[in-house]
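Asks: Let me begin by handing over the structure; questions about it come next.
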Amino acid sequence: MYWMLNFVTEAKGFPAAILIRSLVPQTGINIMQERRKKSAPILTDGPAKIAQAFGIDNSWNGYNICVPDSKLFLEDDPLPKNMKTIYKPRKGIHNTPEPWCWLQWNLSIKI
């Protein structure tokens with residue numbers, strides 16, 4: 001039903017990716033509000049909402065973010081000193097066999 005933003009982290013054919021589940025936008029908020037027809041607090045608090053806010057659709061499938069002229073890229077940002085990373089088991093995989101079910105794969109950042 002909706003597209004989501006995943007960053008594949010390994011070579012083709014090896015199943016390894018990071019699903020971006022939530023983020024706090026710093027710029028482009030007006031455009032995101034138009035795309036989502038919502039106000040700022042709930043723009044990007046879920047994977048499908050992020051895709052809608054960023055205008056991600058099937059044309060982005062397979063896009064390479066590692067090339068120098070990429071229109072989507074990751075940028076290093078100094079993190080606040082009071083930031084705390086929190087690791088928890090991944091949600092929604094309770095039927096998955098051990099040891100995968102309880103591995104700390106869900107990372108969140110609290111500021």
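Asks: If ASP57 passes every condition in (1) touching a residue at least 24 places away in the same chain (Cβ under 8 Å); (2) outside the structural domain of ASN6 (by TED's automatic domain parsing) but one, which one does it miss?
Replies: It is condition (2) that ASP57 fails.
Asks: In segment 1-20, what residues are touching a residue at least 40 places away in the same chain (Cβ under 8 Å), in a loop (DSSP other than H, G, I, E, B) and surrounded by 10 or more Cβ atoms within 10 Å (Cβ to Cβ)?
Replies: Once the filter is applied, which keeps residues that are touching a residue at least 40 places away in the same chain (Cβ under 8 Å), in a loop (DSSP other than H, G, I, E, B) and surrounded by 10 or more Cβ atoms within 10 Å (Cβ to Cβ), segment 1-20 yields TYR2, TRP3, MET4, LEU5.
Asks: In addition: Scan segment 74-89 and give yes if some residue there is β-branched (Val, Ile, Thr) and in the same structural domain as PHE7 (by TED's automatic domain parsing), otherwise no.
Replies: No, segment 74-89 has no match at all.
Asks: Would you check if ILE65 is surrounded by 11 or more Cβ atoms within 10 Å (Cβ to Cβ), modelled with pLDDT under 80 and assigned to a loop (DSSP other than H, G, I, E, B)?
Replies: Answer is no for this residue.
Asks: Pairs under 8 Å by beta carbon, first residue within 13 Å of ALA51 (Cα to Cα) and without any contact (Cβ under 8 Å) to a residue 12 or more places away in the chain in segment 24-36, partner aliphatic (A, V, I, L, M) and part of a loop (DSSP other than H, G, I, E, B), six or more apart or different chains?
Replies: Hits for this filter: GLN33/LEU43.
Asks: Listed residues GLN26, GLN33; which is assigned to a loop (DSSP other than H, G, I, E, B), out of contact with any strand residue (DSSP E or B) (no Cβ under 7 Å at 6 or more places or on another chain) and not hydrophobic (A, V, I, L, M, F, W, C)?
Replies: Of GLN26, GLN33, the one residue that is assigned to a loop (DSSP other than H, G, I, E, B), out of contact with any strand residue (DSSP E or B) (no Cβ under 7 Å at 6 or more places or on another chain) and not hydrophobic (A, V, I, L, M, F, W, C) is GLN26.
Asks: Same structure, new question: For segment 39-62, what are the residues that are surrounded by fewer than 10 Cβ atoms within 10 Å (Cβ to Cβ) and either in a loop (DSSP other than H, G, I, E, B) or at pLDDT 85 or above (or both)?
Replies: SER39, ASN58, SER59, ASN61, GLY62
The values are calculated or read from the model by the stated rules, or taken from the named source; none is laboratory data. Keep in mind that what you see is a predicted model, and the values were worked out from it rather than measured. So basically every Cβ, Gly included, is an ideal-geometry build from the backbone, and we count neighbours across all protein chains shown.
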